[in-house]
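Shown next, in structure tokens, is the structure this report addresses.
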There are 2 protein chains.
Amino acid sequence: MRDILLASTSTLLGGTYLNYLKSEIIELFKSVDEIIFIPYARPSGISHDEYTEKARSFFASINKKVKGLHEFSTVTDAIKNAQGFFTGGGNTFLLVKQLHEHKLMYMLRDEVLKGKPYLGCSAGSNIGGMNMQTTNDMPIVYPSSFETMGLVDFNINPHFLDEATYTKSMGETRETRIKEFLSQNQIPVIGLREGSWIRVKNDLVKLEGSLPAKIFEKDKEPYELAAHSEISF
Amino acid sequence: MRDILLASTSTLLGGTYLNYLKSEIIELFKSVDEIIFIPYARPSGISHDEYTEKARSFFASINKKVKGLHEFSTVTDAIKNAQGFFTGGGNTFLLVKQLHEHKLMYMLRDEVLKGKPYLGCSAGSNIGGMNMQTTNDMPIVYPSSFETMGLVDFNINPHFLDEATYTKSMGETRETRIKEFLSQNQIPVIGLREGSWIRVKNDLVKLEGSLPAKIFEKDKEPYELAAHSEISF
């Protein structure tokens, strides 16, 4: 059983936190009144408390309670007893390091695969893939493993940028980097543009939002997948 | 003893491979007639042979022989017997993984600290720092450690880009990422712009090229260091 939403970003340019996903989030968490927020990715180094307040403020607007995972003395119990989860964006290396250190990565996966709703944004979506090796983040800490939950059978590259976004002085484009990943790995990669998300309901995995996604598979030319298409490899 | 050149890039926009550094490279390798090329970073996934040919072609123009490290059956002997080294750019994760796997990282450091000339570009410069945690590369493979040679007592961010290079849709700037690194680490970081390099002669460490570098230290505002300045923390 799966009830999962993996979004490229939390915030659209000019928008407010999670606002563009509001109706989707209401639907995802419809049978849940409290959500465990995983603040470990700490964007720009903000504290776990500050980050949790940001999530709490949004979820208050849709009448859901939020508890920060760091608020629990026994985090494994918090995961097991949770009704649903939200993992915020930030630095994927920080997030993955802490999830492995606290032995939470596979425990979280198991709870999500029981059907508990899971929302991920950016780094929180990276950990829904097979591994974190298509993150855009800087390796500011060393995780004990790059493996992630594998809630879907592919990797996600959030905040995907098209070639045309880059000037020549900016070095490797996102496409070049993902192709380098595929020179060493077999896992397909979804280049998920801002405003796009992946919605998983049991066996159905769909690309949502208004934009196509760019799909990278080993030994294939990258191709575009239209919005609202099923994702299947 | 140190005789080291760590460059942001191998190739300036519109230029040819290593050409802007030609006179520096002639000076660096003046007492050497054969250089060991370390091709492990494999930019865009090119083969070790292809990459070595690229280096060989440049060094032929200044009458130096080049052997690819991968051409030796015993790579540790190749490092020990070498007169000098050049590590090319590409993916830092690939490079660091292989250097650790072959037990070469600290052996290479020891040989360089005996005074053998070392040239690094991009990923090859990243490994001259304390660790690889300020690379811009995607983590396409998992190295057994992020530690690098520590030929200098700081980290390098090659291909450093200014804030103004980014459009709002491009996500975290380089500065934001380096500040995230400093939220978790104490090591100073040199943001090395294209066309800049660091020249180490024994105890003297200098920023060279025509541009300033941006320096990031923990709990300090980032600041500019003028070209031809000494680097000292």
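Below, the figures for the structure above:
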item: Computed helical MRE - 222 nm, the protein assembly as shown, DSSP H runs ≥ 4 contributing -39500 (n - 2.57), nearest 500; result: -7000 deg cm²/dmol
item: 5 angstrom amide H check on A:VAL66, placed H, neighbours 5+ away; result: A:ILE35
item: Relative contact order (%) - chain B, alpha-carbon pairs under 8 angstrom, separation at least six; result: 21
item: Two-decimal log10 I(q)/I(0) for region B:117-196, as the Debye equation yields it once each C-alpha is a single scatterer, q = 0.22 Å⁻¹; result: -1.11
item: Cβ-vector label at 7 Å, A:GLU71, separations to other copies in nm; result: 6.4
item: Contact order normalised by residue count of region A:100-161, Cα under 8 Å, 6+ apart, percent; result: 40
item: Relative exposure of B:ARG56, A:ARG199, judged by other C-beta atoms within 10 Å (fewest first); result: B:ARG56, A:ARG199
item: Other-chain or far-sequence residues with amide H under 5 Å of A:GLU208's (modelled H); result: A:TRP197, A:ILE198, A:ARG199, A:HIS228
item: Cβ-based exposure ranking for B:ASP49, A:ASP219, in which fewest neighbours within 10 Å come first; result: A:ASP219, B:ASP49
item: Size of charge dipole - chain B - debye, nearest 20, with Cβ of Lys, Arg +1 and Asp, Glu -1, no other charges; result: 340
item: Cα gyration tensor of region B:100-233 - equivalent ellipsoid semi-axes, whole Å, descending; result: 24, 19, 13
item: Ranked A:LYS22, A:LYS97, criterion: other C-beta atoms within 10 Å, fewest first; result: A:LYS22, A:LYS97
item: Fraction of the pair-distance distribution of the protein assembly as shown above 32 Å, Cα-Cα pairs, percent; result: 41
item: Virtual paramagnetic centre 7 Å along Cα→Cβ of A:LYS30, amide N under 17 Å, in region A:195-233; result: A:199-204
item: Dipole magnitude of the protein assembly as shown, debye to nearest 20 (Cβ charges: Lys/Arg +1, Asp/Glu -1, about Cα centre); result: 160
item: C-alpha center-to-center spacing [region B:116-182, region A:30-89] in angstrom; result: 32
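Values quoted throughout were computed directly from the atomic coordinates according to the rules given, and no laboratory measurement underlies them. What you are looking at is a predicted structure, and each value in this text was computed from that prediction instead of being measured. Neighbour counts run over all protein chains shown; Cβ positions are idealised from the backbone, glycine included.
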